[in-house]
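The values are calculated or read from the model by the stated rules, or taken from the named source; none is laboratory data. Note that the coordinates shown come from a computational prediction; the quantities given were computed from them, not determined experimentally. When we count neighbours, we look across all protein chains shown, and the Cβ atoms used for this are built from the backbone with ideal geometry, even at glycine. Only protein heavy atoms, including side chains, enter the accessible area calculation; ligands, DNA and RNA are left aside. Shrake-Rupley method; radii C 1.70, N 1.55, O 1.52, S 1.80 Å.
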Amino acid sequence: MGPWLWYFWFYSFLGWLVELAFAAASRSEDRRRRCLLLLPLCPVYGLGMLAVLALPPMGGPGLAVLGGLTATAVEYAYHWAGERFLGVRFWDYRRVPGNLRGRVCLPFSLAWGLLVWAAVRFVQPGAAALAEAVPAWLTYGCLLIFTADLVCSLRFLRVTGDLKGMRAAVFP
C-alpha cells in the first residue's frame, strides 16, 4: 500500500505544479490554484496516474492513447463526483471545442496522453525507487496529515460550495 500512496501524493503534487504553470502561462485570474485547504496537491492527477499505473504494461502510442483515455475517464468521474456530492465545478471546459458536458475536452485529453506517456517512461522509475525507500512510519504520518486535510477540504466545499473561497481560506 505504501508505494501506491506515495505515487498518489507524488503525482498529485506534480499536478499542482502543472496547474500553477498553466495558470501562469494562460494569465488566469486565479493564479493561486489550490485543490486542498493546506497541502499542495491536486488529487485528480494522483488518481489519474494510479489508474494509468494499474493498466497492463505497454509503451509507445498504446500507452499514450490508452493512458490518455484512462486519465480522461478519471477526470470526468472526478468532476461528476464534485458536482454531485459537493456542489462544485472544479473546472469548466464548456467553451473549449470537443468538450463533453464541460467536464472533459479533446485538447486536454490529448495533452493527458502525452503527459501520461512521459510520466510512465521518464518519471515513474524514479518515483518507484523513492516510494520503496520511504519508511512505513513516515507513510503513516503523511497519511494522517493528508486525511485530515482531505476531510476538512471536503467538508468546507460541502458546506460552502465555494471553491474560490477554499483557495483563499488559509493563505490569502
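From the list LEU143, LEU106, LEU114, LEU154, the one residue that fits, being more than 30 Å from GLU29 (Cβ to Cβ) and of a type in the set (A, V, I, L, M, F, W, C), is LEU143.
Suppose we keep only residues that are of a type in the set (A, V, I, L, M) and assigned to a strand (DSSP E or B) within region 94-136. Which one would you say is farthest from TYR11 (Cα to Cα)? The residue in question is LEU100. Can you work out which of the residues in region 1-17 that are in contact (Cβ under 8 Å) with a residue 40 or more places away in the chain and within 14 Å of the chain's Cα centre (by Cα) is farthest from PRO135 (Cα to Cα)? The qualifying residue farthest from PRO135 (Cα to Cα) is LEU14. Within the option set LEU63, LEU106, LEU115, LEU100, being modelled with pLDDT of 95 or more, open to solvent by less than 80 Å² (accessible area, probe 1.4 Å) and not basic (Lys, Arg) holds for one residue only, LEU63. Checking each residue in region 127-152 for being farther than 25 Å from LEU37 by Cα and without any contact (Cβ under 8 Å) to a residue 12 or more places away in the chain picks out ALA129, ALA133, PRO135.
Being over 28 Å from VAL151 (Cα atoms) and among the aliphatic types (A, V, I, L, M) is the filter here; which residues of region 77-115 pass it? Once the filter is applied, which keeps residues that are over 28 Å from VAL151 (Cα atoms) and among the aliphatic types (A, V, I, L, M), region 77-115 yields VAL96, LEU100, LEU106, LEU110, ALA111, LEU114, LEU115.
One line per residue, one yes/no per condition, for (1) open to solvent by 60 Å² or more (accessible area, probe 1.4 Å); (2) farther than 22 Å from ALA148 by Cα; (3) modelled with pLDDT of 95 or more:
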site	(1), (2), (3)
ALA23	no, yes, no
ASP30	no, yes, no
TYR45	no, no, yes
MET49	no, yes, yes
VAL52	no, yes, yes
LEU55	no, yes, yes
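Determine if region 70-93 includes at least one residue that is assigned to a loop (DSSP other than H, G, I, E, B) and modelled with pLDDT of 95 or more. The answer is yes; a qualifying residue exists.
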